[in-house]
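The values are calculated or read from the model by the stated rules, or taken from the named source; none is laboratory data. Not measured: the values here are computed from a predicted model. Quick reminder, even Gly has a Cβ in these numbers, built from the backbone with ideal geometry, and neighbours come from all protein chains shown.
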Amino acid sequence: MYPDINKKEKSKQEMKADIILSGVGGQGILSIAAVIGEAALKEGLYMKQAEVHGMSQRGGDVQSNLRTSACPTSRLRLT
């Protein structure tokens, strides 16, 4: 009849999301990653971010990896 409050709390503790954004320079990949990261922090989540940007201003590849989770994480190895 009543929702299980403990179940909701447990699912929040186990929440983890890995996001990979990739594109070419000038598409706003790093800006999008920053917006997602800020939103996660405002929701009270933990966030790690790693970026790869070489010749991004000349149309080179850009990649941003983000991990958001309800619990602290010590590494950012997306598998």
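Things worth noting here:
- Scanning the stretch 32-73 for residues that are among the small types (Gly, Ala, Ser), out of contact with any Phe, Trp or Tyr (no Cβ under 9 Å at 6 or more places or on another chain) and either within 17 Å of residue 17 (Cβ to Cβ) or modelled with pLDDT of 90 or more (or both) turns up 33, 34, 37, 39, 44, 50, 64.
- Subset of the stretch 19-54 (residues that are under 11 Å from residue 67 (Cα atoms), part of a strand (DSSP E or B) and among the hydrophobic types (A, V, I, L, M, F, W, C)): 19, 20, 47, 50
- When residues in the stretch 47-68 are screened for being β-branched (Val, Ile, Thr) and buried (at least 17 other Cβ atoms within 10 Å of the Cβ), 2 of them pass.
- Residue-level check: of (1) exposed (fewer than 13 other Cβ atoms within 10 Å of the Cβ); (2) at negative phi; (3) not hydroxyl-bearing (Ser, Thr, Tyr), residue 44 misses just (2).
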